[in-house]
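Before any comments, here is the structure.
The values are calculated or read from the model by the stated rules, or taken from the named source; none is laboratory data. All values reported here derive from a predicted model rather than from experimental measurement. As a convention, Cβ positions derive from the backbone with ideal geometry for all residues, glycine included, and neighbour counts pool all protein chains shown.
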Amino acid sequence: MESIRELLIDEMRDLYDAEKQLVKALPKVVKASRNAELSEAVAAHLEQTRGHVERLEQAFELLGEKAKSKSCAAMHGLIEEAQETMQEDLADPLLDSALICAAQKVEHYEIAGYGTVRAWAEALGLSDVAALLKETLDEEKAANEKLTGIAGEVFTEAEALSNETTEDEDEEPESVHATGAPRKAAIRQTPALKNT
């Protein structure tokens with residue numbers, strides 16, 4: 001590659017592959033999420049993602065280029081991480097919180113990619129291409145903000161669950177003294193050894 005235009009096309013091909021991978025992966029996230037608002041947000045973003053694929057195809061056409069994919073290893077890795085998360089045995093709010101984390105990693109990757117290609121298109125005076133890329137960039141940013149909003153509610157649920165678990169673990173076992181009165185287990189009553 002010897003020009004910004006070639007870089008632009010190459011990165012658009014990477015994003016094209018990334019978006020097509022997401023079209024296949026997002027239905028699994030919708031199914032795995034337990035929070036209704038999260039499911040709805042991911043389902044809505046799936047529809048937007050289909051539009052992102054079409055927009056990239058339009059941008060390629062404006063550039064006189066064939067819409068071709070370049071394998072996006074980064075998106076493959078991010079999706080693989082999300083799939084590992086879905087296979088974990090997590091309580092519902094913890095799973096949802098982890099899914100939001102995975103989804104926001106994807107959004108940040110896409111925001112970086114679309115921000116760069118839009119800037120390159122603008123620098124090259126390709127205003128029609130830049131407008132298409134900016135439209136997708138704006139939707140990626142909005143999706144990330146939506147996830148941030150949902151994350152607050154889900155985090156509160158996950159934190160409450162964690163606090164319940166911690167309280168259960170912190171309860172000290174009781175034993176019965178010779179007098180019949182309950183007392184804390186002896187292990188808790190042993191004074192700490194001092195360094196000598």
Looking at (1) without any contact (Cβ under 8 Å) to a residue 40 or more places away in the chain; (2) touching a helix residue (DSSP H, G or I) at 6+ places or on another chain (Cβ under 9 Å); (3) surrounded by fewer than 15 Cβ atoms within 10 Å (Cβ to Cβ), which is the one condition that is false for E80?
(2)
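Filtering segment 135-194 down to residues that are modelled with pLDDT of 60 or more and among the hydroxyl-bearing types (S, T, Y), which residue is nearest to I100 (Cα to Cα)? Can you show your working first?
Step one: filter segment 135-194 for residues modelled with pLDDT of 60 or more, giving 135-167.
With among the hydroxyl-bearing types (S, T, Y) added as a condition, the list becomes 136, 148, 156, 162, 165-166.
Numbers: T136: 20, T148: 8, T156: 13, S162: 18, T165: 22, T166: 23 Å.
Looking at the filtered set, the residue picked out is T148.
Hey, does segment 117-131 have a residue that's within 22 Å of the chain's Cα centre (by Cα), part of a helix (DSSP H, G or I) and modelled with pLDDT of 95 or more? Reasoning before the result, please.
Going through segment 117-131, the residues within 22 Å of the chain's Cα centre (by Cα) turn out to be 117.
Pick out the ones that are also part of a helix (DSSP H, G or I) and you get 117.
From what's left, modelled with pLDDT of 95 or more: 117.
Yes - at least one qualifying residue is present in segment 117-131.
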Out of K31, K20, K24, which single residue is of a type in the set (K, R) and under 26 Å from A121 (Cβ atoms)?
K20
Take the residues of segment 70-100 that are among the charged types (D, E, K, R) and part of a helix (DSSP H, G or I): which is modelled with the lowest pLDDT?
D92
Taking segment 1-29, which residues are under 22 Å from Q87 (Cα atoms) and not hydrophobic (A, V, I, L, M, F, W, C)?
Q21, K24, P27, K28
Residue that is farthest from L62 (Cα to Cα) [pool: residues in segment 109-147 that are small (G, A, S) and surrounded by fewer than 18 Cβ atoms within 10 Å (Cβ to Cβ)]:
A142
Within segment 27-51, how many residues are part of a helix (DSSP H, G or I) and more than 12 Å from E107 (Cβ to Cβ)?
17
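Given the criteria outside any helix (DSSP H, G or I) and over 25 Å from the mean Cα position of the chain (by Cα), does A59 qualify?
Working: outside any helix (DSSP H, G or I): no; over 25 Å from the mean Cα position of the chain (by Cα): yes.
No; evaluated as a whole, the condition is false for this residue.
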